[in-house]
Structures are given as structure tokens and as C-alpha cells.
Amino acid sequence: MSKINAIDSILANQTLSDLNQKLEEENKKNQKLDAEIEKLQKLKDIASQRANDIRDVVEKLSKDEHEKVGPALSKFYNKLIRLNSNEGINIVQENEGISLVDDKGKNIVNVLSNGQISVFMLAHFFAGINARNDREKMKVFFIDDLTACMDDVNMLAFMDLLKYQMTSKATMEQLFFITCDDRISKLLKYKLKGRGIELRELLETDFA
């Protein structure tokens, strides 16, 4: 009987030892997991802070865009659209960002035609380069064929504004203009040559 008790005691001690070893191993795993969780929490806090910093920068840039480009945008838009009314476009600052409104304060971003959107993009382009003229060291710009959606009146207004901008060279020293419309190409060359502006036509074969 004593031998059986001794064996039971040995087995019990072995079982207890095994359990203690497993408990120690699990505790080490838990400590390792706690360290990983703490590390991830720190990374999460850093990421959250950086996200807040980025939002602050975006908000600041949006405000800067509104303050510097906004006032000139309506002027260039009206020059390009050639309206004889007060139906201009203004940029207003809102909590969600910026919005486009007419002179009556009505949001118009969803009612602009393709031609009006093209005019707006060009107006924003000219307003932007004029607002940032003092900071722009390399005054070289690119325009894809936005005039494709514009009517003849708007297109002529764009050509006139473009040639005067390039004549002064105060804001624009070189321009790359892309078009697939031969009519627009001929008109642009005519306008620029008439002002003595140097130009070079590059065709698809020139890149072969």
C-alpha cells in the first residue's frame, strides 16, 4: 500500500511539475503578447497623431487655396465664359471644405455643363498660377485638351487669355498644350504667332 501511495505521490508531483511548467510557458506567452499589444498600441497612437497632423495640413492648404485662389477664380471664370450677367462662380469656405456657388450663394457644382466645367478648370488653372507666381521658380505648365468641350465663344476667350499670359511671361514662360483637334491647333498657332510668341508643334511621329 505504501508503494502505491509513493507512486501516486510521484505521479502527482510530476503532474504538478508539468502543470507548473505549462503555466510558466503560458505566462511567458502572455507577457510576450502584452508586449506586442503595447507596441501596437503605441504605433496606433503614432498613426492617429499623424492622421490628425495630415488633416490639419489639408485643412490649412484648403484654407490657403480659398484665400489665395478663390478671389481670382471668379475674375478668370468671367473672362473665359464672357457673360454679361452676374452668374459668376465663387469659392466659399465651409466646414466640410470648399464649395462652388453662384453670386446668389447657390451651390452649382452639380449643375455645371461639361463646357462650364472645362471653363472652371481653366479659370482655376490661371487663378492658381497667378496666386502662386511669387513662389513658382519653374514657370512651365501643361494643359490637356480641355477646350474640346467648350463652345467657340469660350474657346476664343481662352485663346485670348492664354496669349496675353504668355506675352507678358510674368506668370507663364513655357506651355505644353495637347490637342487632337486640328481646328484648335491652327487657331492657337494663329493667335500665338500674331503676338510674336515662339512655338513649336510636336506630332506623334516626333516621339517615335
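Inspect all residues belonging to the stretch 126-144 and state whether any of them is in contact with a Cys (Cβ under 6 Å, 6 or more places away or on another chain), on the phi < 0 side of the Ramachandran plot, touching a residue at least 12 places away in the same chain (Cβ under 8 Å) and not in a loop (DSSP other than H, G, I, E, B). No, because not a single residue in the stretch 126-144 is in contact with a Cys (Cβ under 6 Å, 6 or more places away or on another chain), on the phi < 0 side of the Ramachandran plot, touching a residue at least 12 places away in the same chain (Cβ under 8 Å) and not in a loop (DSSP other than H, G, I, E, B). Considering only residues in the stretch 159-208 that are touching a Ser or Thr at 6+ places or on another chain (Cβ under 6 Å) and not polar (S, T, N, Q), the one that is surrounded by the fewest Cβ atoms within 10 Å (Cβ to Cβ) turns out to be Arg195. Of all the residues in the stretch 76-102, those that are modelled with pLDDT under 70 and assigned to a loop (DSSP other than H, G, I, E, B) number 10. Looking for something acidic (Asp, Glu) and at pLDDT below 75 - is there at least one such residue anywhere in the stretch 45-58? Checking the stretch 45-58: not a single residue is acidic (Asp, Glu) and at pLDDT below 75.
The values are calculated or read from the model by the stated rules, or taken from the named source; none is laboratory data. Predicted model, so just to flag it, every value in this text is computed and none were measured. Backbone-built Cβ (ideal geometry, glycine too); neighbour counts: all protein chains shown.
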